[in-house]
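The values are calculated or read from the model by the stated rules, or taken from the named source; none is laboratory data. No experiment lies behind these values; they were computed from the predicted model shown. Cβ placement follows ideal geometry from the backbone for every residue including glycine, while neighbour counts extend to all protein chains displayed. Accessible surface areas use protein heavy atoms only, side chains included; no ligands, DNA or RNA. Shrake-Rupley method; radii C 1.70, N 1.55, O 1.52, S 1.80 Å.
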Amino acid sequence: MISLNGMLLKPEDLSKEITNSEQKAIIKQMASYPVIYYYESLQQLKFELLFRANTIKAATALNDSGAKFTTFAYSFPNKKYWYRLANGGFLLREGVNPSEGIEDILKHGKLYAFECATAIAIVLYLATLFTIGPRAFNTYFERLFLMDWQFDEDLPVYQKDGEDFIIGDVLHFNNPDFDPKQPWWRAENVIFFGNDKFFGHGMGIRDSRAIINFLNGKRKENADESAYLMRMITRPNYKTIFLLR
């Protein structure tokens, strides 16, 4: 359910304000859950809808970029824009605009390799750039660092339990019986596209059955527990990011 200034709204109540088909689909999802999503203004709601749509745009672009999947030990960036640190993370070089550095991953994806958690961070930074624009992005993310679940304080991210999956959410497939020789397949972090479609770096855009079948193929010998989609959702704090505009 959607609460705007204390009033519960139905999708049809927003039909004149929300005309984009993808954003309408997000509104419909929100309205279908018993969870209440609170907004202080229409602008705040529109910002989240745009950010979520831009998350799908960013995930699609990263999927098409040619960036490779690898572990931290073998990660590499385009050295023109990024330092590779000993832990496998990427630190933006001095004098490089953050917007240029993050967009280079889309332009020259074949010069990059990283694992799925860093891919999620890249998608969310790109979505932030697409939503707030390069001037604000360059102001707030001056020394950008990409690794695992480490986010800049101006891109706060939180986790919650639940099944109110919304387009643009970060979701998680768990693989409890993973092959210990391939521990990087213990889980897959994905972007939810809606309609049982997910982007996972190293897998592409697939449905849940394909992802589960893939992970089940990466289990230890005599495994008896299937991979599954977790009841855990990771989301940016859209209300905080809204203030960066």
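Residues are listed down the side, and each one gets a yes or a no for (1) without any contact (Cβ under 8 Å) to a residue 12 or more places away in the chain; (2) open to solvent by 40 Å² or more (accessible area, probe 1.4 Å); (3) not aliphatic (A, V, I, L, M):
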site: PHE72; (1), (2), (3): no, yes, yes
site: SER75; (1), (2), (3): no, no, yes
site: ASN78; (1), (2), (3): no, no, yes
site: ARG84; (1), (2), (3): yes, yes, yes
site: ASN87; (1), (2), (3): no, yes, yes
site: ARG93; (1), (2), (3): no, yes, yes
site: PRO98; (1), (2), (3): no, no, yes
site: ASP104; (1), (2), (3): no, no, yes
site: HIS108; (1), (2), (3): no, yes, yes
Verdict on LEU8 being surrounded by 16 or more Cβ atoms within 10 Å (Cβ to Cβ), without any contact (Cβ under 8 Å) to a residue 40 or more places away in the chain and of a type outside the set (Val, Ile, Thr)
no
Selection from the range 115-127 of residues within 12 Å of the chain's Cα centre (by Cα) and either within 22 Å of MET232 (Cβ to Cβ) or open to solvent by 20 Å² or more (accessible area, probe 1.4 Å) (or both) yields CYS116, ALA117, THR118, ALA119, ILE120, ALA121, ILE122, VAL123, LEU124, TYR125, ALA127
If a residue must be more than 17 Å from ASN195 (Cβ to Cβ), modelled with pLDDT under 95 and surrounded by 15 or more Cβ atoms within 10 Å (Cβ to Cβ), how many such residues does the range 12-38 contain?
3
Single match in ARG209, ARG143, ARG219 (criterion: of a type in the set (Lys, Arg), open to solvent by 20 Å² or more (accessible area, probe 1.4 Å) and at pLDDT below 95)
ARG143
Which residue, of ALA25, ALA31, ALA59, ALA86, is within 17 Å of the chain's Cα centre (by Cα) and either within 24 Å of ILE191 (Cβ to Cβ) or part of a loop (DSSP other than H, G, I, E, B) (or both)?
ALA59
